[in-house]
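This report concerns only the one structure given below.
Values quoted throughout were computed directly from the atomic coordinates according to the rules given, and no laboratory measurement underlies them. Because the structure is predicted, anything quoted here is derived from the model rather than measured. Neighbour counts are summed over all protein chains in view; Cβ atoms, including those assigned to glycine, are modelled from backbone coordinates with ideal geometry.
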Amino acid sequence: MKNVFTYRLRAFAGDTNGATLTELAIIIPVLLLLVFGAVEFGRFGYNETVAQKAMDIAARTAAVRPAVCAGVPDTYQPPSSSAGNPPRFGTLCRMDANACAAVPEASCLLSEVPGNATAEEIWSTIAPLVPSGATPANIRIRYTFDDTLGFLGGPYTPIVTAEFENFNYQFITPLGALAGVAGSGSTNAIGNTIVFPSMSASLPAEDLNAGIGG
């Protein structure tokens, strides 16, 4: 009886039926993780590159159109401290510290200015370029005073910045689940979303009130 039991135990231990399927079941999740990972991060890199191009376009559009945000003046004005002895109009801001009054930075999201023609033009132009799921709430426009630009009485020409921000990028494949099956120990090792990097582009404004031909 003991010999029979020993024989069957050895036969069971040496039986390789189904081993190939078991090995395949182990390796397939790893292969899929590598393939899907390559696809997803290639897609991510493409979206990052195109989103940067979108910010270049947004900054260029904002630099030659009326201001998106409130609080952006039309022209350079002298500081109040020079009321008794104001510099001559036409004085370059960079030539005289008292020539042009500093202007606080104006900043707003495209979603905060509904009906603004410049904001609508920017969004309609860049919407096909930004990642799927992005909205006007992810696009910020800034107007920053630069005392090396402009002249007293002339059109206000700040540094215009377009920025893509606060966006969570969505994967289209189940990388998290595959990572768990492949042996990471957690299906959340790779989440369904990751934070998309902020990116921006800046240009000096030309004439924020021109509006003819851009």
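Label-to-label distance, residue 107 versus residue 165, with points set 7 angstrom from Cα along the beta-carbon direction: 0.4 nm. Taking 7 Å along the Cα-to-C-beta vector as the label spot, tell me the residue 209-residue 172 distance in nanometres, rounded to one decimal. Result: 4.7 nm between the two label points.
Using Cβ point charges alone (K and R +1, D and E -1), the dipole size of the stretch 95-159 about the Cα centre works out to roughly 180 debye.
Compared with the alpha-carbon gap, the fully stretched path from residue 132 to residue 74 is longer by 17.3 nm at 0.36 nm per residue. Available extension along the chain between residue 53 and residue 198 is 50.9 nm, counting 0.36 nm per residue and deducting the alpha carbon span. Under a 5 Å amide H cut-off, with hydrogens placed 1.01 Å from N, residue 168 pairs with 196 among residues at least 5 apart or on other chains. Could you pull out every residue, at least 5 positions away or on a different chain, whose amide H is within less than 5 Å of the one on residue 151? Hs are placed 1.01 Å off N in the peptide plane, and Pro or chain starts have none. For residue 151, whose amide H was placed from the backbone, the distant partners under 5 Å are 93. Each Lys and Arg adds +1 at its Cβ and each Asp and Glu adds -1 at its Cβ; summed about the Cα centre, the stretch 44-161 shows a dipole of about 120 debye. Reported value for the stretch 52-99: 120 Å³ per residue, from the convex hull of its C-alpha atoms.
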